[in-house]
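The values are calculated or read from the model by the stated rules, or taken from the named source; none is laboratory data. Since this is a predicted model, take the numbers as computed values, not measurements. No Cβ is skipped: glycine too gets one built from the backbone with ideal geometry, and neighbour counts run over all protein chains shown.
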Amino acid sequence: MTASIIAPARAPVSNPPIRRANRLLAALSSRDFAILEPHLEPVVLPRGKVLFEPGDEVTTTYFPCHRTMASLLIVTRDGREVEAATIGREGAVGGIVSEGHKPAFGRAVVQVGGDALAISTSHLEAAKTGSARFGDLFSRYADALLAQMMQSVACNALHRTEERCARWLLATHDRAGDKMIHLTQESLAEMLGVQRTTVTAVTGVLQDRGLIRTHRGRVEVLDRPGLERAACECYRAVEDHFTRLLPEVDV
Ligand SMILES: [Zn+2]
């Protein structure tokens, strides 16, 4: 099966707020962005949309905009899944490490729906090879993504669900734009690789501690410093490494 999608364009990509809405694209020089611009298509990604499944040929790269977020999930034979990476407006989904037109290893699914920019991996690849600075930026982003995946190995094996839940809430909160996170318990369960009942129990503990308040399909952050103290070290480790590798990308 081939991953597909490209919905009708809604706004010109050259519109500065749209470009600015993905921080990786915003870090490109005007000259490098001009190479990509004719090939970028604005799309709307609904929550739950699968961008590619394991084995799919990856032909499209997505740049999440604003609060849009996607997960890279590893799917086991019995259908269980656990998250390897979260990608929001600071990055891109698909064709980054593999350079595109390669079979996907995991599943990419939209956790927080919204705007994105899509481009065929062949156009992205041509741009990467045509500009050394462009290629360097995406190589460093690939390193940051790999680091996040490595940290997730330790996190999934060693850290308590409550700490991991706080970690993902912080990462989502950074990209939410306000104190309200649009994240369902189903999405959180998918990201943490646990049952929804476990998510209910864990978010209940965080709520009892006055750190968050859960609404229907939303989580309100009440005490950000407290939530950072409740999270495992992985949140800070991943964010700090990203900043060191990509200082010009403002998450
Ligand atoms: Zn952790």
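The requirement of being modelled with pLDDT of 90 or more and either surrounded by 19 or more Cβ atoms within 10 Å (Cβ to Cβ) or not in a helix (DSSP H, G or I) (or both) is not satisfied by SER4.
Reported count of residues in segment 196-239, each being outside the structural domain of ARG167 (by TED's automatic domain parsing) and away from the ligand (no atom under 14 Å from the Cβ), is 0.
Counting only strands (runs of 3 or more DSSP E) that sit wholly inside segment 77-195, those with at least 3 residues that are within 16 Å of the ligand (Cβ to nearest atom) are 81-87. Beta carbons closer than 7 Å, at least 6 apart along the sequence or on distinct chains, pair a first residue in segment 145-158 that is under 19 Å from ARG89 (Cβ atoms) and not assigned by TED's automatic domain parsing to the domain that holds GLY193 with a second that is within 12 Å of the ligand (Cβ to nearest atom) and in a helix (DSSP H, G or I) for ALA147/VAL238; GLN148/VAL238.
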